[in-house]
1. Per residue of the chain, what 222 nm ellipticity follows from adding -39500 (n - 2.57) for every DSSP H run with n ≥ 4, rounded to the nearest 500?
2. All other residues with a Cβ under 12 Å from the Cβ of Val60 taken together, and with Lys, Arg as +1 and Asp, Glu as -1, what is their net charge?
3. Taking one equal scatterer on every alpha-carbon of segment 175-232, how large is log10 of I(q)/I(0) by Debye at q = 0.15, 0.19, 0.26 1/Å?
4. Could you state the angle between the C-alpha long axis of helix 84-94 and the longest principal axis of the C-alpha atoms of the chain, as a value from 0 to 90 degrees rounded to the nearest 10?
5. Helix 175-187 against the longest principal axis of the chain: what's the angle in degrees, Cα atoms only, rounded to the nearest 10?
6. What span do the alpha-carbon atoms of segment 1-109 cover on each of the three principal axes, reported in whole Å from largest to smallest?
7. For a distance above 20 Å, tell me the whole-number percent of Cα pairs in segment 136-235 that qualify.
8. If you look at just the Cα atoms of the chain, how large are its Rg and its Dmax in Å?
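Derivation of every value follows stated rules applied to the coordinates shown; laboratory data play no part. Bear in mind that the values here come from a model prediction, so they are computed numbers and not experimental data. Note that we place each Cβ from the backbone using ideal geometry, even for glycine, and neighbour counts take in every protein chain shown.
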Amino acid sequence: VATDEGETVVEIGPGRGALTGLLASCGAQLHLVEIDRELAGDLMVRYAEAPAVTVHTGDVLRFDFTALAGQLNTRLVLVGNLPYNIASPLLIALLSVLDCVDRAIFMLQREVAQRLAAMPGSRDYGRLTVMVSRLCTVEILFDVRPGAFRPPPKVDSTLVRLCPRVAPLGPPVDSQAYSQVVRTAFSQRRKTLRNSLRSYHPDLAFKEAGIDPGTRPETLSATQFAQLTAALYQD
């Protein structure tokens, strides 16, 4: 993970610090967010004499990235080996704090990485893809075999880089409205958009957005979902 001296790096879930030592040697200001109190305590002891390293004990899903960035007057570089069970909710949560993020480099289970980078119409394309791709570019860096870890996991992993876009794809829409439309559409993935979004009475919106109501949600790009959201929520 390439970082420059003077950058502020937040490592999510450092655990026993396998990556932490490398990050600490890069000259960056390093903030560690660890939910396990025992592991966090060990890290505090290990880096007690390292003024550039700060350990935060707590749930990363509740961590205030915006406050940290504001306090330091900088944008953050996020890194971490994300467990499968928190990867999707964390990625969704981070979408609301992208104003303070320069980039994120995450090790993910390959299945999650494939979902992030999927194209419309593919098997892996879904809600996570549509939510993230509207606001971030997604770059698959490389795959990592289980043997690279100790102990080795039972799945392959992939390193992914996310960079916030200068502007979201599609027309400006309320983020909560967009999220709700996408969630509703994919809640019944095998149904057509006309059926899954029927509670919106969407016929006019489909026409205005130029979207065939007989298609399924996995065929729409993030831009098209933004266009549909704008049409559904227009005054």
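1. Value at 222 nm, helices only: -10000 deg cm²/dmol.
2. That works out to -4.
3. -0.32, -0.54, -1.11
4. 70
5. 70
6. The principal-axis extents, from largest down, are 35, 29, 23 Å.
7. When all Cα pairs of segment 136-235 are counted, 49 percent exceed 20 Å.
8. Over the chain's Cα set, Rg and Dmax evaluate to 19.8, 64 Å.
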